[in-house]
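Everything on this sheet refers to the single structure shown next.
The values are calculated or read from the model by the stated rules, or taken from the named source; none is laboratory data. Here the structure is a predicted model, which is why all the values come from computation and not from measurement. Don't worry about glycine lacking a Cβ; one is built from the backbone with ideal geometry, like all the others, and counts go over all protein chains shown. The area values use the complete protein model at the heavy-atom level, side chains included, leaving out ligands, DNA and RNA. Shrake-Rupley method; radii C 1.70, N 1.55, O 1.52, S 1.80 Å.
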Amino acid sequence: MDFSKLKGEKTRYITGALLVALVVVVLVSHNMLFLWAVLGVAYLVGFYEALKLYEKIHALSFSFWHYGLALGVWGLSYISPRPIEGALFVGMFFAGALALRAKDTRQVLPLIYPTLPFVVLLALFKDFGVRGVVWLVVVVVVADVGAYFGGRLLGKIPLSPTSPKKTLEGSLIGLGLSSVLGGLAGMWSVGFTWALGISVVVAISAILGDLFESYLKRKAEVKDSGACLPGHGGILDRLDAMLFGGVALHFLLFLPYV
């Protein structure tokens, strides 16, 4: 084990600790407006980062209308009891308007990712409360931390050509730890066995979300999606796993047997 690899990343650890503290404050407040506002800031920054990535990947040109649509989606997400359908409603009409004017329909991409996953995060709180969000945070954070430190200490085999620095060993360590702790965090709702199974799927989804963001950055030929989080990059760099994991958890909790 090479513990020297874990040194010299003070900035990353401090930023991570501050983000955890912010999440704790938001969840302890148990206030819908506060969570909507904080998550909304993250969404708008992430939306901006996504526009820049899509501009580089697809040579697209985005206008102020996209930001207006993003604000509209987020406003609807607060007042509507079905925020996911609200986001789909806006995206559908925008895609239709692009087709009507014979514009490049790939301009709808930012209303798919990261918009829909961010809206699902808010829907998770609306539908399942703080406990649902805590469950998600436990699974995703433990999977990420376990994969990071496990990969640094024991990693040998690359997980994917999309992100060569991530290792199979680290991912398996993160998956195992997050599944067990997620099972404990979610047993309040569905019992430990179901919670364990759901946590496995959520953890795998989180890993795929991380890889998806890495793929976008590789295609755009950039190291980070942004620079607003010292030591971590941008909002999408930090929340990519949470976005995919949130979609998985929200879906699985609505299955009939759960």
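Charge dipole of the chain (Cα centre as origin; +1 on each Lys and Arg Cβ, -1 on each Asp and Glu Cβ, all else neutral): 360 debye, rounded to the nearest 20. Just want the answer: with Cβ charges of +1 for Lys and Arg and -1 for Asp and Glu, which residue in Thr162, Ile79, Leu184 is farthest toward the dipole's positive end in the chain? The listed residue farthest towards the positive side: Thr162.
Where only protein heavy atoms count, and the probe is 1.4 Å, what is the accessible area per residue for the chain in Å²? Per residue, the chain has an accessible area of 51 Å².
Here the 3J(HN,Hα) profile of the stretch 143-154, calculated from phi with Karplus coefficients 6.51, -1.76 and 1.60 at θ = phi - 60°, is 4, 5, 5, x, 5, 5, 6, x, x, 5, 8, 10 Hz, Gly and Pro shown as x. Evaluated with a Cβ-only charge set (Lys, Arg +1; Asp, Glu -1), the stretch 176-258 carries a dipole of roughly 40 debye about its Cα centre, given to the nearest 20. Shape verdict for the stretch 72-149, please, from the Cα gyration tensor: rounded (a/c under 1.5), prolate (a/b greater than b/c) or oblate. It comes out oblate by the Cα gyration axes. Taking the average, over residues, of other Cβ atoms within 10 Å as the packing measure, peptides 118-130, 237-249, 57-69 rank 237-249, 118-130, 57-69 from highest down.
The Ser63 and Met32 beta-carbon pair, evaluated with R₀ = 45 Å, returns a calculated FRET efficiency of approximately 0.90.
What shape does the chain take by its C-alpha gyration tensor, where a ≥ b ≥ c are the square roots of the eigenvalues and a/c under 1.5 counts as rounded, a/b above b/c as prolate, and the rest as oblate?
oblate
For the stretch 47-162, the carbon plus sulfur part of the accessible surface works out to 69%, probe radius 1.4 Å. Given a Förster distance of 35 Å, report the FRET efficiency between Phe251 and Arg101 from their Cβ-Cβ distance, rounded to the nearest 0.05. E between Phe251 and Arg101, to the nearest 0.05, is 0.55.
Count Lys and Arg as plus one, Asp and Glu as minus one, and take only other residues whose Cβ is under 14 Å from that of Val133; the net charge is then +1. Charge tally around Ser171: other residues with Cβ under 14 Å, Lys/Arg +1 each, Asp/Glu -1 each, net +1. Name the shape class, rounded, prolate or oblate, that the alpha-carbon gyration tensor gives for the stretch 1-94, where a ≥ b ≥ c are the square roots of its eigenvalues, rounded holds for a/c under 1.5, and otherwise prolate holds if a/b is larger than b/c and oblate otherwise. In terms of gyration-tensor shape, oblate. In the complete set of protein chains, residue-level accessible area for Thr11 is approximately 80 Å², probe 1.4 angstrom. Each Lys or Arg adds one and each Asp or Glu subtracts one; over the other residues with Cβ under 12 Å from the Cβ of Leu60, this totals +2.
Taking each DSSP H run with n ≥ 4 as -39500 (n - 2.57) and averaging over every residue of the chain yields -27000 deg cm²/dmol at 222 nm.
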